[in-house]
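The values are calculated or read from the model by the stated rules, or taken from the named source; none is laboratory data. Note that the structure is a prediction, hence the values are computed from the model and not measured. A quick note on method: Cβ atoms are made from the backbone with ideal geometry, for glycine too, and the neighbour counts reach across all protein chains shown. Side chains are part of the model used for accessible areas, which takes the heavy atoms of the whole protein and leaves out ligands, DNA and RNA. Shrake-Rupley method; radii C 1.70, N 1.55, O 1.52, S 1.80 Å.
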Amino acid sequence: MGISGDDDFYSGGSFYTNSTDLGRLCSISSQVDVYYPPRKRARITAPFVVGETLFEQSKQASIDVLPDECLFEIFKRLPGGRERSSCACVSKHWLMLLISIRKGEYESSKVVKENTDSVSDEDDGYLTRCLEGKKATDMRLAAVAVGTSGHGGLGKLSIRGSSSSSGVTNFGLSAIARGCPSLKALSLWNVPRVGDEGLSEIAKECHLLEKLDLCQCPSFSNKGLIAIAENCPNLTSLSIESCPKIGNEGLQAIGKLCPKLQSVSIKDCLLVGDHGVSSLLSSTSSVLSKVKFQGLNITDFSLAVIGHYGKSVTNLMLSGLENVSEKGFWVMGNAQGLQKLVSLTITSCRGVTDVSLEAMGKGCANLRQMCLRRCCFISDDGLVAFAKSAGSLESLQLEECNRITQSGTIGVLSNCSLKSLTVVKCMGIKDISSEVPLSCCNSLKSLSVRNCPGFGTAGLAVVGRLCPQLQHVDLSGLCGITDAGLLPLLESCEAGLVKVNLSGCLNITDKVVLALTRLHGGTLELLNLDGCRRITDASLMAIAESCVFLSDLDVSRSAVTDSGVAALSRAEQLNLQVLSFSGCSRVSNKSLPSLKKLGKTLLGLNLQHCNSISSRTVELLVETLWKCDILF
């Protein structure tokens, strides 16, 4: 859409020297109440002699001869958003005039307010707009402010990655504030030219704001956040990341003035300390349910406050808290305030030890989900003690906790009623056989052991004996496991496997897939064999024959050929939705008829790096399988 007009933003100021001049302008029409903004833009050049009885008119009549004040009054009387949008398309000058008018200043808005029986759909905030990169400019925001008013009103706005030279400024955000009072959710990522002035305008005009997300905004300070707190009492969600000028004062204001706050996330804000965190938590203890603190300069004191005032907290995430010691986590657990806590995630916190972990297990009676990442001081003893004390625990996730061994994981399974266990990159796990009698964990439905090079055949055998009710198994990246280790596990699963991920298990063969389809073909829905280079067409034939409910199959980088693809296409009971042959060099153009037949049910097909399939074949597939997303 071509837009012409003047790009300049006029600093304004009245161009009339006395009240007599103003009176003469008002005499143009006694029926028009002329509105004079406190800061006027200079009118468009049109010879107008103040104090004379005649206007010097140009030879060719044009609406451009009208002063901005007259245009302002005309625009105020436009009946609706569609008419305003049409006027905004005339020129940038008209667009600038339109965005200078606040929503409540339009005559149509005043009529709606006076008539209580009428209902307007322009301010409900149905629309969502997202501007990214070069598209994020003041002009586009101005167009959004005017254009959305007649189509449901703007409810959510996201600006991400604004250009540092021509990107969004306070002017653009102010335009949104004046034109979109229905705004309820605002997300600003990497907008260095927007500061407190723009945020204050949002606070002043958008009183319905409920969600605010600020990320990498170096110009925002406590002043802007305090303005939000003072004017947006409906705020329920606040997320602040990498805003170096925001500190304790802003959070204190949010805590005192936003009684409906339910979710808060503060990350990498170095000025935020104990005073801000403690004030925020103590003021919102009755409603605050989701809390995330990462990379903050807080100490044991803040964790004690969390433990005492977090009475409504259900989800808690703590990460990179270098100044919090064992005492802080111990006090948080023993304070007995986190009785509603359901999910706890702790990452890279040196204060998490065996002692503090057990205290958290005892103090959080309703804890169901626990995730520990890079907690290097936790050992098997602490993990087992935690499992015994956390009676409601259903899901446990361990990532890069290198002091945890196979004995620790087996001890957890033997001492609590877990439904899901995930172990990722725990280098302390070694493949050790165990002949000690162990009690079964019949509750475990999902087991994921990923990228733990020490986990092998002996570990699988123990898991098979302990967990007969497994339905989801993820062993991706375990290069050491073989058919001998997997077969006993498959035979011991009594409930029927539903999802199986064996990607990166280089040493397994068709024997495993044959056993899997024979034992669990009636329940299997997802099978991932990506990178299993010893898998051949025999596996695809077994899948075609036995799997009834399989919807997602990945045999990327395997040894399957056109014959295997043909076997799949002949299976009448098979209804695959996602199929991947990425990196299968032996699948060629000959598979075109088979892929077309399979494509009747497919929603996604991955043929990337299939060097034997030509671009022409892919084009034919795209034409035929119009419902299917094809990667090539």
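The phi-based Karplus calculation (6.51 cos²θ - 1.76 cosθ + 1.60; θ = phi - 60°) puts the 3J(HN,Hα) values of segment 262-273 at 10, 9, 9, 9, 10, 9, 6, 10, 5, 7, 7, x Hz, whole numbers, x for Gly and Pro.
What number comes out for the charge environment of Ala515, summing +1 per Lys or Arg and -1 per Asp or Glu over other residues with Cβ under 11 Å away? Counting the neighbours of Ala515, the net charge comes to -1. Cross-link pairs exceeding 30 Å in C-alpha to C-alpha distance, out of Lys260/Lys388; Lys430/Lys499; Lys290/Lys362; Lys327/Lys388, comprise Lys260/Lys388.
Run a plain Debye calculation on segment 461-631 (Cα atoms as equal point scatterers, no solvent) and give log10 I(q)/I(0) at q = 0.15, 0.16 Å⁻¹, rounded to two decimals, same order as the q list. Summing over Cα pairs of segment 461-631 leads to -0.77, -0.87.
Counting Lys and Arg as +1 and Asp and Glu as -1 over every other residue whose Cβ lies under 13 Å from the Cβ of Asn248, the net charge comes to 0. Projected label points at Lys511 and Lys600, each 7 Å from Cα along the beta carbon direction, are separated by 3.7 nanometres. The modelled label-to-label distance between Gln339 and Ser286, using points 7 Å beyond Cα along the C-beta direction, is 1.7 nm. Directionally averaged projected area (segment 564-610, Cα convex hull): 2.9 nm².
Computed from label points 7 Å out along Cα-Cβ, the spacing between Met427 and Ser187 is 3.6 nm. Annotation: amide H-H contacts under 5 Å for Leu341 (H modelled 1.01 Å from N, sequence separation of 5 or more, or interchain): Asn366. At full extension, Ile74 and Ser392 could sit 107.8 nm farther apart than now, given 0.36 nm per residue minus the alpha carbon distance.
A simple count of charges around Leu527, restricted to other residues whose Cβ falls under 12 Å of its Cβ and scoring Lys, Arg +1 and Asp, Glu -1, yields -4.
Could you give the length gained on full extension between Arg368 and Lys327, defined as 0.36 nm per residue of separation minus the Cα-Cα distance, in nm?
Details: separation 41, 0.36 × 41 = 14.76 nm, distance 2.33 nm.
That pair, Arg368 and Lys327, stretches by 12.4 nm at full extension.
Sorting the segments 173-179, 613-619 by their residues' average number of neighbouring beta-carbon atoms within 10 angstrom, most packed first, yields 173-179, 613-619. Derived value for segment 502-586: Kirkwood hydrodynamic radius 12.3 Å. Basis is the mean of 1/r over every pair of different alpha-carbon atoms. Converting phi to 3J(HN,Hα) with the Karplus coefficients 6.51, -1.76 and 1.60 and the offset θ = phi - 60°, segment 321-328 yields 8, 6, 9, 9, 9, 4, 4, x Hz in sequence order, with x at every glycine or proline.
Using θ = phi - 60° in the Karplus curve 6.51 cos²θ - 1.76 cosθ + 1.60, the 3J(HN,Hα) couplings for segment 582-598 round to 4, x, 8, 6, 8, 8, 10, 4, 5, 7, 4, x, 5, 5, 4, 5, 5 Hz; x is entered for Gly and Pro.
Under 5 Å between amide hydrogens, built in the peptide plane, is the criterion, and for Val423 it picks out Leu398, Ser448, Val449, Arg450 among residues at least 5 positions away or on other chains.
If I take R0 = 45 Å and measure r between the Cβ atoms of Asn442 and Ser165 in this structure, what FRET efficiency does the formula 1/(1 + (r/R0)^6) give, to the nearest 0.05? Efficiency computed from Cβ-Cβ geometry: 0.10. Stretching Glu623 away from Ser265 to a fully extended chain increases their span by 124.2 nm, per 0.36 nm per residue minus the current alpha-carbon distance. Here the translational diffusion coefficient of segment 252-357 follows from Stokes-Einstein with Rh set to the Kirkwood radius across Cα pairs; for 4 °C and 1.567 mPa s it amounts to 97 µm²/s. The share of accessible area on segment 223-317 that comes from carbon and sulfur is 51 percent, using a 1.4 angstrom probe.
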